[in-house]
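A.B. asks: One structure is given below, represented as structure tokens, and several questions about it will come after.
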Amino acid sequence: MSADQRIIGLLFLLLMQATSCVSTLVVPPSGSIRVDARQWSKVEGVVHYSDWKPCYATTMGRLKGFTPVTKVPETKYGSDPEKKFRATGFFYTHKEDGRWWIIDPNGHATWNIGVNGVRPGSSSRNEQSLREKFVSEENWITRTHSDLEDIGFNGTACWSEVPLVRYSNKHCPTPLSYTLILSFYAGYQKQVKYFRRRVEIENPGGSWIIL
């Protein structure tokens, strides 16, 4: 499969997760890739999808006059091997000379270039395509892992399928970072509902304050 075909496949998967598809911003066909996608919306808690629409995207290599620079040295996390801090075995943030850095597990300054929604699509069309092309989700994520790194990403972001990313990290030479959603506000809302029910039961009609 050619590089363009792999990019088209990735763009298709990413656009399936996108919240909108702006088909009015059309790049001239000579420098673009067409991807069919459906617009996502939520009305009163119910998810709706539009009909399939053509969308256009372009890659750096297709930009007129673009010349890529020589590949710079990097660690397995895509970090700067010359900028070293304390190694903790985990990602963390550090401020130096007024600038914040993300530090990788080995202690090198890094740039987290991640993609939201790296996960198999849940529609019947997505599931069928995955089975036909990759047979299993494990095959899909290892191939997607490689393709993401080929086009410059070193991580995944929110709403990605973390168990699959962890699987691919065990089977690929270089790892992708991933993001856990802690849902502080959602957890707080559950606590508020819990205490509200207790107050209503123990002190009907009374006032209550939650700090």
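Derivation of every value follows stated rules applied to the coordinates shown; laboratory data play no part. Because the structure is a prediction, the values reported are computed rather than measured. As a convention, Cβ positions derive from the backbone with ideal geometry for all residues, glycine included, and neighbour counts pool all protein chains shown.
A.B. asks: Any idea what diffusion coefficient segment 47-95 gets from Stokes-Einstein, in µm²/s, Kirkwood Rh on alpha carbon pairs, 37 °C, 0.692 mPa s? Please report the intermediate quantities before stating the final value.
C.D. replies: Details: Rh = 16.2 Å.
Value of D from the Cα-based Kirkwood radius: 203 µm²/s.
A.B. asks: Cβ under 13 Å from L164's Cβ, L164 left aside: what net charge do those residues give with Lys, Arg +1 and Asp, Glu -1? Can you show the working numbers first?
C.D. replies: On the way: positive: R119, R143, R166, K170; negative: E137, E138, E161.
With Lys, Arg at +1 and Asp, Glu at -1, the neighbours total +1.
A.B. asks: Below 12 angstrom from the Cβ of W52, what's the summed charge of the other residues (Lys, Arg +1; Asp, Glu -1)? Mind showing how you got there, number by number?
C.D. replies: Numbers: positive: R34, R38, K53, R125; negative: D36, D51.
Computed value for this residue: +2.
A.B. asks: OK, next. Net charge within 15 Å of D36 by Cβ-Cβ distance, Lys/Arg positive one each and Asp/Glu negative one each, not counting D36 itself? Before the final figure, lay out the partial values.
C.D. replies: On the way: positive: R34, R38, K53, R125; negative: D51.
Here the charged neighbours net out to +3.
A.B. asks: Which ³J(HN,Hα) values in Hz, rounded to whole numbers, follow from the phi angles of segment 134-144 under the Karplus curve 6.51 cos²θ - 1.76 cosθ + 1.60, where θ = phi - 60° and Gly and Pro get x?
C.D. replies: So the J values, rounded to whole Hz, are 10, 6, 9, 5, 5, 5, 4, 5, 5, 5, 5.
A.B. asks: Where does each of T88, T179, T67 land when they are ranked from fewest to most other beta-carbon atoms within 10 angstrom?
C.D. replies: Numbers: T88 12, T179 16, T67 5.
The fewest-first ordering by Cβ neighbours comes to T67, T88, T179.
A.B. asks: Right, something else. Separation between the W159 and F184 pseudo-spin-labels, each 7 Å from Cα along Cα→Cβ, expressed in nm?
C.D. replies: Once both label points are built, they end up 2.1 nm from each other.
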